[in-house]
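Take a look at the structure below.
Every read-out reported here was derived from the displayed coordinates using simple, explicitly stated rules and does not represent laboratory data. From a predicted model like this one, the values you see are computed outputs, not experimental measurements. Please note: Cβ atoms are built from the backbone with ideal geometry, for glycine as well, and neighbour counts cover all protein chains shown.
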Amino acid sequence: MDKEELFKKISDELEDKLHFLDDKPEETIISTINALWFKAAGIPISAERAVNLSLPDLTENQIIYLSELIQMRIENTPLAYITGRQNFMEVELLTDRRALIPRKETELLGKKALQLSRELSDPDKKIYVMDVCCGSGNLGITVAYYNPNCIVFASDISQEAVDLTRENINFLNLNERVSANQGDMMEAYDKDEYRGKFDLIICNPPYISSSKVQKMDVEISMNEPMAAFDGGMLGIKIIQKLVHDGPKFLRNAGWMVFEVGLGQGQLIHQLCERTQLFSQIKTVSDGSDNIRVISVQKS
Ligand SMILES: C[S@@+](CC[C@H](N)C(=O)[O-])C[C@H]1O[C@@H](n2cnc3c(N)ncnc32)[C@H](O)[C@@H]1O
């Protein structure tokens, strides 16, 4: 069977066996097959990167391996956990079960964080950035990758996530400017040397209410770490903590920028206002006019 015939056969088979999630818009039949094909060929790349590449030839053993990978995907193993890669802001990252798969929607936060980091720094002025709730390290790492004037301190309550972040730091050769440590929120940096020191704090916190977490799609609930989603009874427990504790670590006029869940924007905006800790509160909305990112500047 030639490549085109094999591709068509797999594509016909997958047509009604796969369902795609709204928060992984980069995954389609074509990008899924391409990414699994490259994985079978011994070239792990993300769906986003694989989609536009021409497919390599496969040996007979690799074709057998490809059918095993396809079976895993049919049985709901997330694509990025099979390939071991996810693309975030055009950067290829390592992914596995130790942390949440970075989502396309979080690029809104990543881009805002990068923009702020560029406004705050220049080659003569290195800035200190904290990535709280770092997961795989995607946010802090991409900001450091694109802005050489950033020194990034990442942290997550999950030691496994911190381990994966460290592997991503190595993978991208960012050891000199990015480090990761385990801790509850900003606890890992709760020392005199860090308080009032940060120019920018970035956070993509868990913000789904506990009752909704239990109803998430099986592909997510059976595979991705629940601590990445559960924001307590109302979904805003971690965000409240961030808004309350973050300013202690910011220098005066430093910025904090974070993602919020669908429908939480107005409430969190008010919550930030009520603290009277911030001189500016700004929002970024997605293409459907939902507030998804809030940035606040310490007074
Ligand atoms: C929504 S995920 C974000 C991961 C990654 N930053 C991203 O954008 O894909 C939230 C992360 O927060 C971590 N987390 C949950 N509770 C935490 C806490 N109290 N302190 C620090 N990290 C926490 C989880 O382990 C998870 O990695």
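Things to note:
- Gaussian network model of the chain, springs between alpha carbon atoms under 10 Å - residue of Arg103, Arg274, Arg85 with greatest fluctuation: Arg274
- Each Lys and Arg Cβ is given +1 and each Asp and Glu Cβ -1; about its Cα centre, the stretch 184-299 then shows a dipole of about 440 debye.
- Helical mean residue ellipticity (222 nm; -39500 (n - 2.57) per DSSP H run of 4+; nearest 500) of the chain: -10500 deg cm²/dmol
- Relative packing of 30-41, 180-191, which averages over residues the other C-beta atoms within 10 Å, highest first: 30-41, 180-191
- Debye, to nearest 20: dipole size of the chain, +1 on Lys, Arg Cβ, -1 on Asp, Glu Cβ: 1220
- Residue order for Val218, Val143, Val293, Val129, fewest other beta carbons within 10 angstrom first, comes to Val218, Val293, Val143, Val129.
- All other residues whose Cβ lies under 11 angstrom from that of Ile157 are scored, Lys and Arg at +1 and Asp and Glu at -1, for a net of -4.
- For the stretch 189-267: rounded, prolate or oblate by the Cα gyration tensor [a/c cutoff 1.5]: prolate
- Each Lys or Arg adds one and each Asp or Glu subtracts one; over the other residues with Cβ under 12 Å from the Cβ of Arg98, this totals -4.
- Cα centroid separation, the stretch 150-198 to the stretch 233-253 (Å): 17
- Compared with the dominant Cα axis of the chain, that is its longest principal axis, helix 107-120 is turned about 40°.
- Summarised as an ellipsoid, the chain has semi-axes of 37, 21, 16 Å, derived from the eigenvalues of the Cα gyration tensor scaled by 5 and square-rooted, with the largest first.
- Crossing angle, helix 159-171 versus the chain [Cα axis fit, 0-90 degrees, rounded to tens]: 80
- Helix 60-74 axis versus longest C-alpha principal axis of the chain: approximately 50°, rounded to the nearest ten.
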